[in-house]
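One structure below.
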Amino acid sequence: MSRRVYIETYGCQMNEVDSARILSLLQGEDFRPADSIADADLVLLNTCSIREKADQKVHSKLGELRAWKRARNGRVVAVGGCLAQQEGSRLSARAPHVDVVFGTHNIARLPGLLREAESGKNRVEVDFTGDTSHWDVLPYLPGGATSAMVTIMQGCDNHCAYCIVPHVRGGEISRRSPEIVSEVGDLADRGVREIVLLGQNVNSYGRKEGEISFPELLRRISRIPGIARLRFITSHPRDLGPETIGLFGEIETLCPHIHLPIQSGSDRILAAMGRGYTRGEYLRKIAALRDARPGIAFSSDFIVGFPGETEEDFEETLAVMEEVRYDSAFSFRFSPRPATRAASMAGAVHAEISGERLSRLQALQEKHTGERLAACVGREMEVLVEGKSARNPAHLCGRTPCHKVVNFSPDPARDGQIRRVLVRSAGAHSLSGAEGA
Ligand code: SF4
């Protein structure tokens with residue numbers, strides 16, 4: 001009799017794709033998705049440890065799962081992802097009701113670990129084995145999906161001072177390009193129109209393995225029939241090169257949006273972070289992207305309150321935002337992570353000050369996002385439908401090539417995955433419109 005699994009995913013897109021791959025892997029072991037934790041026989045947490053808050057969320061969930069497990073014999077709890085990798089046996093010591101703890105390089109071992117756990121042996125496996133055989137398992141794809149994320153590499157060799165990723169995902173390992181091209185071809189055959197290539201630093205794809213370059217990978221994928229839109233995340237500003245920038249002017253299906261995390265606008269802080277570029281170099285790449293693809297949209301990541309950050313440093317971050325006018329941004333207060341250089345750096349910024357800076361930064365970004373959205377009103381835009389609108393089930397929801405969310409009233413006489421929508425109004429974070437008006 002098949003068992004039911006409930007997967008809870010924390011953090012980034014990498015984890016979302018790993019969870020979809022884990023679901024496929026477990027379907028091969030006669031598991032099927034459960035609608036809720038209450039219905040499940042196995043609860044699997046795919047965790048994140050990018051900030052302290054992420055840890056706390058997982059531990060409070062594990063607290064809840066203690067009673068869930070006791071409520072019925074045979075229930076199993078498994079924890080994977082970055083916090084599992086970071087904590088390993090400390091996690092099962094702290095939460096002995098966890099049956100399996102598996103690391104970011106041990107996903108393929110999960111079925112075996114679950115079998116061992118069912119014979120009553122709690123299992124912890126978090127070695128950096130470099131095993132990426134789980135990449136051979138195609139991620140679970142919901143019916144009707146028009147967009148899909150495809151992992152091209154994992155890990156990172158950069159060791160930015162604040163970042164835990166290299167410590168929990170290991171060094172860069174790139175996937176073989178024929179496998180990536182074949183997975184995209186399979187997705188196109190299954191009706192997917194948009195591909196998002198994933199990696200912590202996609203610009204260094206294939207360097208260690210003597211693979212084709214990232215620009216060449218983009219070219220090959222853009223030639224796959226059926227793929228109307230191509231995106232990638234995450235780019236490192238130091239490694240984003242002129243060839244990739246040039247492709248924004250050459251490949252029509254390459255969407256006019258790029259996520260280019262600057263983190264800070266201060267050269268002094270960028271140096272302390274070990275980012276490897278200056279504000280000037282970063283802004284020259286923004287200008288080159290605008291030349292290659294006029295109207296291209298930008299998003300970024302920001303950290304405020306990095307050790308030693310002064311008001312002047314912070315003002316330089318706001319100045320960069322004024323110069324680029326990002327369409328959107330993710331922003332956070334500095335959170336010291338175990339084993340990172342920044343965790344032991346002097347010059348901690350008081351929580352009140354970093355909180356105040358974060359509010360100022362987010363208020364400025366809210367203003368810029370609003371301006372960017374308002375500029376779309378009255379324009380007709382192509383929208384890739386992602387599903388029904390959460391606001392109004394009679395409406396549809398999707399994204400423009402510039403990655404803006406649009407809720408719209410469809411023309412009943414039309415169908416298709418890509419629709420032309422006249423934008424009628426702009427909200428704080430999305431657009432509204434009507435098809436074919
Ligand atoms: S490039 Fe990104 S993932 Fe890599 S260490 Fe720096 S912040 Fe972390």
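Summed over the range 171-197, residues that are within 17 Å of the chain's Cα centre (by Cα) and either part of a loop (DSSP other than H, G, I, E, B) or surrounded by fewer than 21 Cβ atoms within 10 Å (Cβ to Cβ) (or both) total 2.
Can you work out which of the residues in the range 241-271 that are in contact with a helix residue (DSSP H, G or I) (Cβ under 8 Å, 6 or more places away or on another chain) and closer than 17 Å to residue 159 by Cα is farthest from the ligand (Cβ to nearest atom)? Among residues in the range 241-271 that are in contact with a helix residue (DSSP H, G or I) (Cβ under 8 Å, 6 or more places away or on another chain) and closer than 17 Å to residue 159 by Cα, the one farthest from the ligand (Cβ to nearest atom) is 269. Consider residue 377 carefully, then state whether it is open to solvent by 20 Å² or more (accessible area, probe 1.4 Å) and outside any helix (DSSP H, G or I). Taking the combined requirement at face value, the residue satisfies it. One residue alone among 91, 110 is touching a residue at least 40 places away in the same chain (Cβ under 8 Å) and within 20 Å of residue 5 (Cβ to Cβ), and that residue is 110.
Residue under question is residue 187, and the condition is that it be away from the ligand (no atom under 14 Å from the Cβ), touching a strand residue (DSSP E or B) at 6+ places or on another chain (Cβ under 9 Å), within 17 Å of residue 147 (Cα to Cα) and not hydroxyl-bearing (Ser, Thr, Tyr); does it hold? It is true that residue 187 is away from the ligand (no atom under 14 Å from the Cβ), touching a strand residue (DSSP E or B) at 6+ places or on another chain (Cβ under 9 Å), within 17 Å of residue 147 (Cα to Cα) and not hydroxyl-bearing (Ser, Thr, Tyr). Let me confirm something: among 127, 157, which residue is more than 16 Å from the ligand (Cβ to nearest atom), among the acidic types (Asp, Glu) and surrounded by fewer than 18 Cβ atoms within 10 Å (Cβ to Cβ)? Answer to the check: 127. Reported count of residues in the range 329-374, each being on the phi > 0 side of the Ramachandran plot, in contact with a Gly (Cβ under 7 Å, 6 or more places away or on another chain) and open to solvent by 60 Å² or more (accessible area, probe 1.4 Å), is 0. Here residue 281 clears all of (1) surrounded by fewer than 20 Cβ atoms within 10 Å (Cβ to Cβ); (2) free of Cβ contacts under 8 Å to residues at least 40 places away in the same chain; (3) within 16 Å of the ligand (Cβ to nearest atom) except the condition numbered (2).
The values are calculated or read from the model by the stated rules, or taken from the named source; none is laboratory data. None of the values given here were measured: they were computed from a predicted structure. For neighbour counting, all protein chains shown are included, and Cβ atoms are generated from backbone atoms with ideal geometry for every residue, glycine included. Ligands, DNA and RNA are stripped out before the accessible areas are found, and what is left, the full protein with its side chains, is counted by its heavy atoms. Shrake-Rupley method; radii C 1.70, N 1.55, O 1.52, S 1.80 Å.
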